[in-house]
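Below you'll find the structure, written out as structure tokens, and then a few comments.
The values are calculated or read from the model by the stated rules, or taken from the named source; none is laboratory data. Keep in mind it's a predicted model, so treat the numbers as computed, not measured. In this analysis, Cβ positions are derived from the backbone assuming ideal geometry, glycine residues included, and neighbour counts consider all displayed protein chains.
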Amino acid sequence: MNSKRILVPVNLPKSSFNSLLFAQGLANEVPIHLTLLNVVNLNVARLESRIYNEVCAESEAALKKLAKLFFGDSPSVRINVRVGRPHEEILAEADAELSELIIMASPKPACWKRILSLGTVERVVRNARCPTLVLPRIWKITPEQYRHAMWLRSDDQSSVAWQQNAVLIHA
């Protein structure tokens with residue numbers, strides 16, 4: 001069986017780890033090549049490159065700790081830190097890695113922000129070239145249910161059973 005390329009963006013300061021837990025369960029079920037990505041987005045003009053380098057180094061160290069915690073010393077886990085706007089960098093990483101799936105955790109909804117602009121998750125879902133799995137804040141979908149849903153999808157049957165637990169959106 002071919003290993004699937006999966007991208008998991010991780011928001012380190014605010015991470016709920018739902019996407020990492022799901023990816024961990026999926027890795028136990030099927031062979032995957034996983035990329036953990038953190039995007040550094042400093043909304044400050046004209047910072048010294050030293051500051052970006054320090055923040056990136058801290059992010060990389062935190063990602064290494066998470067990778068070791070959730071996936072051990074697996075050689076199929078890659079970490080990357082990018083600097084820029086989160087949705088743009090997530091999409092660029094997905095294209096560069098030829099990702100077959102992006103797994104994202106849904107953030108806590110903010111009504112006023114949703115009215116004013118699209119969030120990172122919505123922008124990634126709308127513009128990604130590969131499927132995007134958005135896990136709700138409280139999720140009950142298991143890797144077995146995901147695999148079953150993908151099997152049903154390949155047979156062109158209805159997959160209503162898993163839609164209540166997580167949203168699988170295809171570009």
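Worth pointing out:
Every residue, every condition in (1) modelled with pLDDT of 90 or more; (2) crowded, with 19+ Cβ neighbours inside 10 Å, yes or no:
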position: 98; (1), (2): yes, no
position: 101; (1), (2): yes, yes
position: 126; (1), (2): yes, no
position: 166; (1), (2): no, yes
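Conditions tested, residue by residue: (1) in contact with a helix residue (DSSP H, G or I) (Cβ under 9 Å, 6 or more places away or on another chain); (2) under 25 Å from residue 129 (Cα atoms).
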| position | (1), (2) |
| --- | --- |
| 21 | yes, yes |
| 27 | yes, yes |
| 30 | yes, yes |
| 40 | yes, yes |
| 61 | no, no |
| 69 | yes, no |
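- Residues of the stretch 1-19 satisfying the condition of being out of contact with any helix residue (DSSP H, G or I) (no Cβ under 7 Å at 6 or more places or on another chain), assigned to a strand (DSSP E or B) and either modelled with pLDDT of 90 or more or under 16 Å from residue 106 (Cα atoms) (or both): 5
- The condition (being under 17 Å from the mean Cα position of the chain (by Cα), part of a loop (DSSP other than H, G, I, E, B), within 15 Å of residue 37 (Cβ to Cβ) and not aromatic (Phe, Trp, Tyr)) is satisfied by just one residue among 59, 99: 99.
- Checking each residue in the stretch 42-80 for being touching a residue at least 12 places away in the same chain (Cβ under 8 Å), among the hydrophobic types (A, V, I, L, M, F, W, C) and under 21 Å from residue 27 (Cβ atoms) picks out 62, 63, 66, 67, 70, 71, 77, 79.
- Residue 93 more than 26 Å from residue 3 (Cβ to Cβ) and either surrounded by 15 or more Cβ atoms within 10 Å (Cβ to Cβ) or modelled with pLDDT under 90 (or both): no
- Yes/no for residue 23 being touching a Cys at 6+ places or on another chain (Cβ under 9 Å), part of a helix (DSSP H, G or I) and surrounded by 18 or more Cβ atoms within 10 Å (Cβ to Cβ): no
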